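The values are calculated or read from the model by the stated rules, or taken from the named source; none is laboratory data. Since we're looking at a predicted model, the values are computed, not measured. Cβ placement follows ideal geometry from the backbone for every residue including glycine, while neighbour counts extend to all protein chains displayed. Just so you know, the surface numbers come from the protein's heavy atoms only, side chains and all, with ligands and any DNA or RNA stripped out. Shrake-Rupley method; radii C 1.70, N 1.55, O 1.52, S 1.80 Å.
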Amino acid sequence: MPMDQQPHASWAEVYDQAYETIYGNQYQQLTKATLELIQSQLGEPPKQIIDFGAGTGRLAVPLAEKGYHVTAVEPCQAMLDQLAKKDVHGQIQRICTPMAEADINEPFDGALAVFSVIIYLLTKDDLKASLSAAHQALRPGGMLILDVSQKKAFRGSQYNTGMLTRETTVQAEDQGGDLYRYVEKISMAGLDGEINAYRDEFRSHYWPPQVIFDTASEVGFSERRDLGEPVYGSGADYYAFIKPE
């Protein structure tokens, strides 16, 4: 896969199936716990929510079905196309752009950047621009909920059921271990029995929590809430940042 291609574009059509097969009940628990956390922090629908890095709609679709008004922002068009297929009632507005380049001035009650969204931000400038975009999109008093991947999550893995094989390698690019190169190889059997192979390659960045906290303050967030790790073993801690009234 070309390095300039968006992460996951090469296997967007099987992204959901692969994650559900590999992680099973834990994946479902994480989704359920995250939805409950969002609802507990933002309140009952209807609320206006912008979902940065929405992917295939793992959170955007069920939130819309609950009655929230959701805008999905995602840099990978192939992932947004999968979201559109699941949004059968056409409730979700879709915007294809990186978080850092989103120029949205609407009074959203809540913004989301969860499921490792910030690891795709490779520079401090990208991080600052992305958090600034979320701040800009929120109404006064609005809340950004994001997760910060723990450093232990930056490691390779292997999975093989016969019907699906997945091999990931994660290698540090610098001595500090903050920049990583990620390569994923997936083979899946289709309904016709034919084996389809996919390859994904991209760079990622580990962001220490304090860097996130400091940058959030720089762009104007005034308060932080530590929300913990919704599901043990998920490899990420969740935080909420509040835009001042």
Using the Kirkwood formula over every pair of different C-alpha atoms, what hydrodynamic radius in Å results for the stretch 1-143?
15.5
For the stretch 92-100, in order, what is each residue's ³J(HN,Hα) by Karplus, 6.51 cos²θ - 1.76 cosθ + 1.60 with θ = phi - 60°, in whole Hz (x at glycine and Pro)?
9, 6, 10, 10, 9, 6, x, 4, 5
In whole percent, what relative contact order does the chain give with Cα contacts below 8 Å and a gap of six or more residues?
19
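I'd like the carbon and sulfur percentage of the solvent accessible area for the stretch 101-245, probe radius 1.4 Å, heavy atoms only, ligands and nucleic acids excluded. Walk me through the numbers on the way to the answer.
Working: 3270 of 7090 Å².
Carbon and sulfur atoms account for 46 percent of the accessible area of the stretch 101-245.
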If you line up the Cα atoms of the stretch 92-168 on their principal axes, what length do they span on each, largest first, in Å?
50, 30, 21
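Could you pull out the trypsin sites (Lys or Arg not before Pro) across the stretch 105-168 that fall in loop regions by DSSP (anything but H, G, I, E, B) with no more than 16 other Cβ atoms inside 10 Å?
Sparse-neighbourhood loop trypsin sites (Lys or Arg not before Pro): ARG155.
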Taking amide H positions as placed 1.01 Å from N in the peptide plane, with prolines and chain starts having none, which residues 5 or more places from LEU164, or on another chain, fall under 5 Å of its amide H?
none
Per residue, what accessible area does the chain have, given a 1.4 Å probe and all protein chains present, in Å²?
47
So what's the net charge close to MET79: Lys and Arg +1, Asp and Glu -1, counting the other residues with Cβ under 14 Å from its Cβ?
-3
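Residues with beta-carbon under 13 Å from that of ASP226, excluding ASP226: net charge, scoring Lys, Arg +1 and Asp, Glu -1?
Values: positive: ARG224, ARG225; negative: ASP147, GLU223, GLU229, ASP237.
After counting each charged neighbour, the total is -2.
What share of Cα pairs, in percent, lie more than 18 angstrom apart in the stretch 104-218? The partial results should precede the final answer.
Values: 3947 of 6555 pairs.
Roughly 60 percent, once rounded to a whole number.
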Once you keep just the Cα pairs under 8 angstrom separated by 6 or more residues, what percentage relative contact order results for the stretch 76-186?
21
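Using the structure shown, select from LYS47/LYS185; LYS152/LYS185; LYS32/LYS85; LYS85/LYS124; LYS66/LYS243 the pairs with a Cα to Cα distance greater than 27 angstrom.
Numbers: LYS47/LYS185 39 Å; LYS152/LYS185 21 Å; LYS32/LYS85 21 Å; LYS85/LYS124 34 Å; LYS66/LYS243 25 Å.
Listed pairs above 27 Å: LYS47/LYS185; LYS85/LYS124.
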Pairs of Cα atoms farther than 18 Å apart, the stretch 124-177, %:
61
Counting sequence-distant residues (5 or more places) and residues on other chains, those with an amide H built under 5 Å from that of THR97 are GLU74
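Please give the charge dipole size of the chain, origin at the Cα centre, charges +1 on K and R Cβ atoms and -1 on D and E Cβ atoms. Round to the nearest 20 debye.
Numbers: 21 positive and 34 negative charges, 69 e Å.
Result for the chain is approximately 320 debye, rounded to the nearest 20.
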Hey, what do the phi angles of the stretch 155-164 turn into as Karplus ³J(HN,Hα) couplings, whole Hz, using 6.51/-1.76/1.60 and θ = phi - 60°, x for Gly and Pro?
8, x, 7, 9, 8, 8, 10, x, 7, 9
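Quick one: of the DSSP bridges fully inside the chain, what percent are antiparallel, nearest 5?
Details: 36 of 52 bridges.
The antiparallel proportion sits near 70 percent.
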With N set to the number of residues, divide the alpha-carbon radius of gyration of the chain by 2.2 N^0.38 Å and report two decimals.
0.99
Environment charge at GLN136 (Cβ cut-off 15 Å; Lys +1, Arg +1, Asp -1, Glu -1):
-2
Taking θ as phi - 60°, what are the ³J(HN,Hα) couplings along the stretch 196-208 by the Karplus curve (6.51, -1.76, 1.60), each to the nearest whole Hz, with x for Gly and Pro?
10, 10, 9, 9, 10, 9, 7, 9, 9, 9, 8, 10, x
Taking the inverse of the average 1/r across all pairs of different Cα atoms in the stretch 152-212, what Kirkwood radius in Å do you get?
13.2
